[in-house]
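Data block below; observations after.
The values are calculated or read from the model by the stated rules, or taken from the named source; none is laboratory data. All of these numbers come straight from a predicted model, not from anything done at the bench. Please note: Cβ atoms are built from the backbone with ideal geometry, for glycine as well, and neighbour counts cover all protein chains shown. Calculation scope for accessible area: heavy atoms of the full protein, side chains included, ligands and nucleic acids excluded. Shrake-Rupley method; radii C 1.70, N 1.55, O 1.52, S 1.80 Å.
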Amino acid sequence: MGKSKNAKQNREGLAELTKAFAEPEYIRKQSYAIATVESLIRQYEQRKGAKHKVIDSVSERIKTAASAAEKLERYEISYEQAVQRLNDLAGVRIVCSFRDEVYQVAEYLIEHPQLTIIKTKDYIKKPKASGYQSVHLIVGMPYPYGEENETVRAEIQIRTVAMNYRAKLDHQLCYKQEKSTPQETEQVRRELLSYAQEIARIDKKMLALRKKIEAM
C-alpha cells in the first residue's frame, strides 16, 4: 500500500507541475525572453559595416510543460523555485557560418546593456567529452509586465553550421539509445567524437580560407 500511495502522490505531483508549466503566464514570460534575444540578433545583423550575413539561422524553443515538470520532479523542487533557478526554460540557438563569428555574436550579447550575463560556457575551446562544441550563455533581462524588478532568463547556444550538424545527430542518438544495444550506442558515440574532431579542423581551415579570400 505504501508504494502504491507514493506512486499516486508522485503522479499527482507531476500532473500539478505539468499544469503549472502550461499556464499562459509561463508561456508569456519565456516568449518574452526569446523575443528579446531575437530582437537583439536582428539588430546585430542590421548594424552598419557588416561585410556579409553572419548568422545562418536562429531557432528557439520553450521547454514543454511535460519536460519541465519531469526535470523538476528529478530535482525535487517546486514550480516557483524552478522559474527562479532553471536556466534553460527558454532557449535560443544561433548558428553562424564561421568560428570567429560565433565569438563576435557572443561578445555582442555579453556586452549588450539590455542583458545580464549569469553564466558562460565555452565548449568550443574546451569541448565536452562527447565532442560537443558550442558557446552557451545564460542571460537575464527585466520583465516589464510582472512584479517590480522581475527578470526572466534564457539559454543561448551559439555554434557553427558544422557543429550544429553534429549536435543534431547527438540529440537524435539520445532518443534512439533506449532501443539500441549498448554496443551500438558506444560505436556511434565513438564515431560522433571522431567527427567532432574533424569538424573542428575543418572549421579552422574554412575560416583561414575565408580570410585569404577577403584579403585578395
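Points worth noting:
- Considering the stretch 39-124, the qualifying helices (runs of 4 or more DSSP H), each wholly inside and each with 1 or more residues that are over 18 Å from ARG153 (Cβ atoms), modelled with pLDDT of 95 or more and not hydroxyl-bearing (Ser, Thr, Tyr), run over 99-111.
- Qualifying residue in the stretch 93-101 (condition: among the charged types (D, E, K, R), closer than 24 Å to LYS29 by Cα and touching a helix residue (DSSP H, G or I) at 6+ places or on another chain (Cβ under 9 Å)): yes
- Lone unmet requirement of (1) open to solvent by less than 10 Å² (accessible area, probe 1.4 Å); (2) within 25 Å of ASP203 (Cβ to Cβ) for TYR103: (1)
- Selection from the stretch 189-207 of residues that are at pLDDT 85 or above, more than 21 Å from the chain's Cα centre (by Cα) and open to solvent by less than 60 Å² (accessible area, probe 1.4 Å): LEU207
- Pair list, Cβ under 6 Å, 6 or more apart: the stretch 18-41 residue among the hydrophobic types (A, V, I, L, M, F, W, C), other residue part of a helix (DSSP H, G or I): ALA20/TYR79; PHE21/ALA65; PHE21/ALA68; PHE21/ALA69; ALA22/ALA65
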